[in-house]
Amino acid sequence: MDADWTHSAQAMQRRIEATATSLTGGFPHWADPRTGVWTTTPDGDWTGGALPGMLWLAQRASGGQALHDLAQIWSLRLRPRVRLQTAFKGFGFYYGAALGHMLAEDAPARALALEAALSLRGQFDSALGLIPLGLDAEESGEVGRAFSSIDSLQATPLLFWAARQTGDAAYAECATHHTTRVLEIHARADGSIIQSSELAAEDGAVLRRFTHKGAGDSSVWGRAQAWGMLYAVMAHAQCPQETRWLDWSMRAADWWLDHVPSGMVSFWDFDDPAIPNTAYDTAATAIVCAALLKLAALAPVAASRERYRDAAERTAHALVSGYLTPTAPGDARPPGMLVGGCFNKRRDSRPSDHVDNAELVFGSYFLFESLQVLRGIVRAQDL
């Protein structure tokens, strides 16, 4: 199996390098599953950190100054987003910049990530007890001070990293309050996660909970379940005394494993009434693969660690065997594409996101990360 992980990682790395050296008009967002041609965003949108993040991982796996330089170029292209009022910029600057310092000790990437973290910390709203989505949040609507979502946990890793880098406890305090409050609002008792919420601006009272991108108002959107699972365990890795975050992540993982189809790849929404005749989502599944590998390292009981590791390996195998091009003999598509990603099926989505069965750049990131963990290049709990 190790050889399969290496072969798949190498195929993905060739795709990553080809993308990074050929794109000139913006950041990759999603690619046509038939041709591999990218739809791009001018400044990276919330997904912009995925490509430099993959390049930092590739440089760690393969070495070489050329890969380092390429990763740094793409990292620094994120600068126009550094002060945007969006909780989602945590994704871009953690994977696109902070990871460059973590894996390659890149000083310009570190400086950029710290600048973004300072801005993100300033977005914390004490009345709400969290970082709201913000007026610049990359959604079709329902953004600003009064709204939160499980996706906003993307802010957490960057803040904890900044706390370690600067020694300033205010970053960790912000991350702790934000993580706890978001999970309290969106994690259900049965382990499932609802995506979004509307809050009272004056005191943070929850006015409603809803699913912003899923099949129905109360449905379990696959990516919401994945984000909650991932960022809860990542927060615990940085703050081990917060065992409730680990408990939340494990409950979310157990719910996922109880409900995911036998093939280990999830539908885009677990409550879509059209199941099984609806879209799968390999991006949500890849996020879960990364989360399961972290749980396999951090779960408190050996039996749980073994269960999560086995589930992670089965999930990775399902993705690389069924959705990583080439998927069959004679497949003429560019190799190394993770197809089958559902960005957004809803008619009210942003036009740039309305696609399914595509290569989603952030899905590719999390599969590539998972493969490097499975190969032993990096440790899951260190990312």
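For the reader, a short list of remarks on this structure follows.
- With respect to (1) closer than 23 Å to residue 84 by Cα; (2) in a loop (DSSP other than H, G, I, E, B); (3) among the hydroxyl-bearing types (Ser, Thr, Tyr), the lone exception for residue 156 is condition (2).
- The residue that is nearest to residue 219 (Cα to Cα), among those in the stretch 166-197 that are touching a residue at least 60 places away in the same chain (Cβ under 8 Å) and assigned to a helix (DSSP H, G or I), is 183.
- Test: residue in the stretch 219-234 that is more than 22 Å from residue 366 (Cα to Cα), modelled with pLDDT of 95 or more and either open to solvent by less than 10 Å² (accessible area, probe 1.4 Å) or not aliphatic (A, V, I, L, M) (or both): yes
- Test: residue in the stretch 205-214 that is touching a helix residue (DSSP H, G or I) at 6+ places or on another chain (Cβ under 9 Å) and among the aromatic types (Phe, Trp, Tyr): no
- Test: residue in the stretch 155-178 that is hydrophobic (A, V, I, L, M, F, W, C), open to solvent by less than 10 Å² (accessible area, probe 1.4 Å), in contact with a strand residue (DSSP E or B) (Cβ under 8 Å, 6 or more places away or on another chain) and under 22 Å from residue 233 (Cβ atoms): no
- Scanning the stretch 343-382 for residues that are assigned to a helix (DSSP H, G or I) and charged (D, E, K, R) returns 353, 369, 375, 382.
- Within the option set 111, 98, being among the small types (Gly, Ala, Ser) and open to solvent by less than 20 Å² (accessible area, probe 1.4 Å) holds for one residue only, 98.
- Sole residue being farther than 27 Å from residue 55 by Cβ and buried (at least 20 other Cβ atoms within 10 Å of the Cβ), chosen from 328, 311: 311
- Residue 240 meets the conditions (1) in contact with a helix residue (DSSP H, G or I) (Cβ under 7 Å, 6 or more places away or on another chain); (2) within 20 Å of residue 379 (Cβ to Cβ) in every case but one. The failed one is (1).
- Residue match in the stretch 35-51 (condition: under 13 Å from residue 335 (Cα atoms), touching a Gly at 6+ places or on another chain (Cβ under 8 Å), modelled with pLDDT of 95 or more and part of a helix (DSSP H, G or I)): no
- Residue ID - farthest from residue 265 (Cα to Cα), chosen from residues in the stretch 179-193 that are touching a Phe, Trp or Tyr at 6+ places or on another chain (Cβ under 7 Å) and open to solvent by less than 10 Å² (accessible area, probe 1.4 Å): 179
- Residues (polar (S, T, N, Q) and free of Cβ contacts under 8 Å to residues at least 60 places away in the same chain) located in the stretch 17-72: 19, 21, 22, 24, 40, 59, 62, 65, 72
- Test: residue in the stretch 1-9 that is open to solvent by less than 50 Å² (accessible area, probe 1.4 Å), of a type outside the set (Phe, Trp, Tyr), within 17 Å of residue 368 (Cβ to Cβ) and not in a helix (DSSP H, G or I): no
- Screening 297, 290 for residues that are open to solvent by less than 10 Å² (accessible area, probe 1.4 Å), modelled with pLDDT of 95 or more and of a type outside the set (Asp, Glu) leaves exactly one candidate, 290.
- Complete set of residues in the stretch 339-361 that are over 21 Å from residue 278 (Cβ atoms) and open to solvent by less than 10 Å² (accessible area, probe 1.4 Å): 361
- Residue ID - farthest from residue 147 (Cα to Cα), chosen from residues in the stretch 77-87 that are surrounded by fewer than 23 Cβ atoms within 10 Å (Cβ to Cβ) and touching a Ser or Thr at 6+ places or on another chain (Cβ under 7 Å): 82
- Scope the stretch 73-110; condition in a helix (DSSP H, G or I) and among the basic types (Lys, Arg); matching residues: 79, 81, 89, 110
- Cβ pairs under 6 Å, 6+ apart, first in the stretch 122-151 and modelled with pLDDT of 95 or more and open to solvent by less than 20 Å² (accessible area, probe 1.4 Å), second of a type in the set (Phe, Trp, Tyr) and part of a loop (DSSP other than H, G, I, E, B): 131/124
The values are calculated or read from the model by the stated rules, or taken from the named source; none is laboratory data. On a predicted model such as this, the values are computed, not experimentally measured, just so you know. Ideal geometry is used to build each Cβ from the backbone, glycine not excepted, and the neighbour counts take in all protein chains shown. Side chains are part of the model used for accessible areas, which takes the heavy atoms of the whole protein and leaves out ligands, DNA and RNA. Shrake-Rupley method; radii C 1.70, N 1.55, O 1.52, S 1.80 Å.
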